[in-house]
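See structure below.
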Amino acid sequence: MLRLELALLWRERLARAALVLLVVLASVALWNGHVEDRALRLQVDRLQAQQATASDETLDPLVDPVDAGALGYAMVHLVPQSPPPLAWLHLGDALSEPVALRIRLLGLEGQRHAGGNAAPERAAAGSLDFAFVVVVLMPLVALVLVAPLASAEREAGRDALLASLAVQPRVPWSRRVALRWAALGAAVLVPLAVAAITTGRLDSGLFGIAAATLLYAAIWCTAGAALALRWRQHATDTVATRLLGGWLVLVVALPALAGMVLDRTLPEVPGSRIALEHRLVLNDAWDRPKEDTLAAFVRYHPEWRGTAPIPPTQRFHWKWYYAFHHLADRHVDPWLSEREHARQARVDAKRVLGLVMPTVAMLDLLDGLADQGLERAEARESEVRDFHDRLRAFFYPALFADRPMTRADLASLPVPEPAAPAARRRDVAILSLGIALLLGIVALRREASRAG
């Protein structure tokens, strides 16, 4: 019986074409994701090689000992921020975020938000990746497969025969839906398995993404089949048109509209505002008395309270210079907190939307499984801040003690420690998708009983 059902499915031209097209699109998306991800990683390697050369050119002319402040000012440090291991499946933020940051001992927030590091236009343009195929295109193919489920049988006069052959009326319809779900899952997961093996991208996280893909496919197959059975008295074209309209609303229109509403109601503090406030503090600091600047600085770092005062006749001193850069960082803390709260509010709002929009929930789930989204951004920012803190801890003892540094001191120069990749839990998204599947199964069982 299963082989017969499979043969009947393959004889449907539209279903056959849709499955073949899905296989092709999934393969192209996987290849494109692999190419994009490889290009980003090669860019990181190239930047690291360039930075090593630049560091040698900076240090070679120096004569021991060297002023710690001048050395800290001259040195530029590269903090690589490579894409997570599964970014080739879900490019997400990997396209818009910088693959590396160049950091100096100066004020960190001014460097992070000065612009030129990120490329948001790339994310706005979008990219064909596996996540796009699964979230947007796979539901459309699912609806193509289930649209003629009942109406085609009625038009061919086989519906009464099917009902008479089954002991339980629901069984043949459930079997046919399960077969279409299996075919749909195979159309995207077989290319995924082939791509993972041929490119050497085997990762334990692939099992989570495969499970999420099958769950999402089951939602659309059961819900679409329930509607197709409910509308079985209509022509196949009518059923297909209605299902297509539902796909356009649920997958395209509503998520886009929700995103626009969130952008207007939960705006983030732009990085340009933070950079401007940081720059204004730096500009004003040149005209403030040095003792006032140092007094404000030691309130944050009391360990340097006993540093030697700067002579009144000395117009410039490195410790004063770095002190007001650090004060500029502290000045923009309220804007950083406001930006962080806006980001978290946006994430929370999207997770609430995911309770009624499976597409939003699936995107959130893929963000977590592929280590993208807000948590990844926070981990990258923590990596940069931690490295900058360790740089200051390395230079400040010599800087505030007016002690020169030697090449031997540079042996313990801090190096960046990349944030460890990790899959993030998305309990709300899993719950939302589970409820959607349960509702789809209940609706399918009810409509299958009526059709029988």
- prompt: Taking interchain pairs and intrachain pairs at least six residues apart, which have beta carbon atoms under 8 angstrom, with the first residue in the range 33-56 and under 18 Å from residue 416 (Cβ atoms) and the second open to solvent by less than 30 Å² (accessible area, probe 1.4 Å) and assigned to a helix (DSSP H, G or I)?
  reply: 40/94
statement: Flagged in the range 291-334 as in contact (Cβ under 8 Å) with a residue 40 or more places away in the chain and aliphatic (A, V, I, L, M), in numbering order, are 308, 327, 328, 332
Per-region count, the range 69-113, residues in contact with a Ser or Thr (Cβ under 9 Å, 6 or more places away or on another chain) and part of a loop (DSSP other than H, G, I, E, B): 7
message: Condition (residue is of a type outside the set (Val, Ile, Thr) and within 17 Å of the chain's Cα centre (by Cα)) applied to the range 428-439: is it met by at least one residue?
response: yes
query: Among the listed residues 21, 86, which satisfies the condition of being under 28 Å from the mean Cα position of the chain (by Cα) and open to solvent by 70 Å² or more (accessible area, probe 1.4 Å)?
result: 21
query: Can you name the condition, by its number, that residue 436 falls short on among (1) open to solvent by 30 Å² or more (accessible area, probe 1.4 Å); (2) assigned to a helix (DSSP H, G or I); (3) of a type in the set (A, V, I, L, M, F, W, C); (4) in contact (Cβ under 8 Å) with a residue 40 or more places away in the chain?
result: (1)
- request: Determine whether residue 418 is outside any helix (DSSP H, G or I) and modelled with pLDDT under 90.
  value: yes
field: Positions within the range 371-393 being of a type outside the set (D, E, K, R) and within 22 Å of the chain's Cα centre (by Cα), in sequence order
entry: 372, 373, 374, 377, 379, 382, 384
- prompt: If we only count helices (runs of 4 or more DSSP H) wholly inside the range 272-385, which ones have 3 or more residues that are at pLDDT below 95 and either open to solvent by 50 Å² or more (accessible area, probe 1.4 Å) or under 25 Å from residue 70 (Cβ atoms) (or both)?
  reply: 290-300, 318-331, 333-354
message: So, in the range 188-236, how many residues would count as being closer than 16 Å to residue 447 by Cβ, open to solvent by 40 Å² or more (accessible area, probe 1.4 Å) and either part of a loop (DSSP other than H, G, I, E, B) or not hydrophobic (A, V, I, L, M, F, W, C) (or both)?
response: 5
query: Give me the pairs: first residue in the range 407-419 and in contact (Cβ under 8 Å) with a residue 24 or more places away in the chain and among the charged types (D, E, K, R), second residue surrounded by fewer than 16 Cβ atoms within 10 Å (Cβ to Cβ) and part of a loop (DSSP other than H, G, I, E, B), beta-carbon distance under 7 Å, and six or more apart or on different chains, which are they?
result: 407/64
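The values are calculated or read from the model by the stated rules, or taken from the named source; none is laboratory data. Keep in mind that what you see is a predicted model, and the values were worked out from it rather than measured. Neighbour counts are summed over all protein chains in view; Cβ atoms, including those assigned to glycine, are modelled from backbone coordinates with ideal geometry. Side chains included, ligands, DNA and RNA excluded: accessible areas come from the protein's heavy atoms. Shrake-Rupley method; radii C 1.70, N 1.55, O 1.52, S 1.80 Å.
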